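A short write-up of the structure that comes next.
The values are calculated or read from the model by the stated rules, or taken from the named source; none is laboratory data. Since we're looking at a predicted model, the values are computed, not measured. Cβ atoms come from the backbone with ideal geometry, glycine included; neighbour counts cover every protein chain shown.
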Amino acid sequence: MSALATALRRFLAAVSFLTRLPVPDWVRPDAPTLAAAMAYFPLVGALLGLFQAGCALALHAFMSPDALAVLLVALAAIATGALHYDGLADTVDAMGGGWSREQRLAIMKDPHIGTFGVLALLLTVLAQFVALKSFHSVESLCRALIVAPCLARLAVVWLAWQLPYARAEGGKGRFAELLRGGHVLGALLIGGGVTLGVGGWLGSLLLALAAMLAWLAGRYFQQRLGGITGDALGFVSQACEILAYGVWAALQP
């Protein structure tokens with residue numbers, strides 16, 4: 001397989017994993033392909049944000065800020081199949097309801113959502129709504145929409161590389177154990193390039209804040225779980241997005 005075909009397969013594997021968009025049958029992402037595909041996670045995040053930004057640009061003149069914010073949150077959830085919302089809810093349920101590492105990991109595997117998870121979802125959606133409706137200009141909003149999901153996926157890749165996988169029996173994020181330094185470097189180049197290129201000085205600040213958040217989350221999950229899980233990575237992704245939207249809305253020119 002040529003280098004271009006390999007890169008395309010990895011990119012489409014990232015699209016398949018992070019979104020509900022259909023990909024060709026020949027992609028068939030196995031664990032090594034998914035691990036290599038993590039280099040493209042920030043790019044997929046940026047493209048999702050670009051889609052939201054296009055919708056915001058086309059519709060902002062016809063919708064109130066509140067209605068537009070609701071639409072943008074809904075679009076992100078639909079496009080991703082609420083993947084990271086699910087991880088956030090499972091993680092908060094586990095941290096709030098488990099007294100031991102084993103209990104927390106068991107709660108994460110439970111398909112049912114608990115009170116902590118419901119509250120976390122409500123607060124997350126509310127925080128996203130408040131941040132998105134607070135932008136004064138559609139230009140600032142569009143820039144934030146591109147940077148935030150890109151930066152969130154970059155944080156996920158970095159954390160997956162830094163921490164061991166917490167489950168001995170495997171799980172939906174186990175492929176991250178095959179992540180290599182070259183994949184992380186690719187994600188850093190793409191994610192950092194988009195964040196700095198689109199965000200400017202705000203992008204530099206957000207990179208630093210996202211790195212700090214990922215470091216703190218990594219220490220916390222190492223202590224509470226003994227490593228990382230797919231659900232915990234989903235939590236980090238949502239936290240980074242909210243951080244990016246909130247800081248950008250507060251400091252927008």
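Tabulated data for the structure shown
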{"quantity": "The listed residue being closer than 23 Å to Thr80 by Cα and either in contact with a Cys (Cβ under 7 Å, 6 or more places away or on another chain) or charged (D, E, K, R) (or both), out of Leu122, Leu141, Leu151", "calculated": "Leu151"}
{"quantity": "Complete set of residues in region 53-81 that are crowded, with 17+ Cβ neighbours inside 10 Å and closer than 23 Å to Arg10 by Cα", "calculated": "Ala76, Ala79, Thr80"}
{"quantity": "Sole residue being crowded, with 23+ Cβ neighbours inside 10 Å, in contact (Cβ under 8 Å) with a residue 12 or more places away in the chain and in contact with a Ser or Thr (Cβ under 6 Å, 6 or more places away or on another chain), chosen from Ala94, Ala152", "calculated": "Ala152"}
{"quantity": "Matching entry among Ala249, Ala239, Ala217 (being of a type outside the set (D, E, K, R) and over 17 Å from the mean Cα position of the chain (by Cα))", "calculated": "Ala249"}
{"quantity": "The one condition in (1) within 21 Å of the chain's Cα centre (by Cα); (2) in a helix (DSSP H, G or I); (3) of a type in the set (A, V, I, L, M) that Ile113 fails to fulfil", "calculated": "(2)"}
{"quantity": "Given (1) in contact with a helix residue (DSSP H, G or I) (Cβ under 8 Å, 6 or more places away or on another chain); (2) in contact (Cβ under 8 Å) with a residue 40 or more places away in the chain, number of the condition Cys55 does not satisfy", "calculated": "(2)"}
{"quantity": "Any hit, region 155-168, residues being part of a helix (DSSP H, G or I), of a type in the set (Lys, Arg) and modelled with pLDDT under 95", "calculated": "no"}
{"quantity": "Hey, Glu177 assigned to a loop (DSSP other than H, G, I, E, B) and modelled with pLDDT under 95 or not", "calculated": "no"}
{"quantity": "Options Phe221, Phe235; residue that is among the hydrophobic types (A, V, I, L, M, F, W, C), touching a residue at least 12 places away in the same chain (Cβ under 8 Å) and in contact with a strand residue (DSSP E or B) (Cβ under 7 Å, 6 or more places away or on another chain)", "calculated": "Phe221"}
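One line per residue, one yes/no per condition, for (1) out of contact with any Lys or Arg (no Cβ under 6 Å at 6 or more places or on another chain); (2) outside any loop (DSSP other than H, G, I, E, B); (3) under 21 Å from Gln52 (Cα atoms); (4) among the hydroxyl-bearing types (Ser, Thr, Tyr):
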site: Leu206; (1), (2), (3), (4): yes, yes, yes, no
site: Gly218; (1), (2), (3), (4): yes, yes, no, no
site: Gln222; (1), (2), (3), (4): yes, yes, no, no
site: Ser237; (1), (2), (3), (4): yes, yes, yes, yes
site: Ala244; (1), (2), (3), (4): yes, yes, yes, no
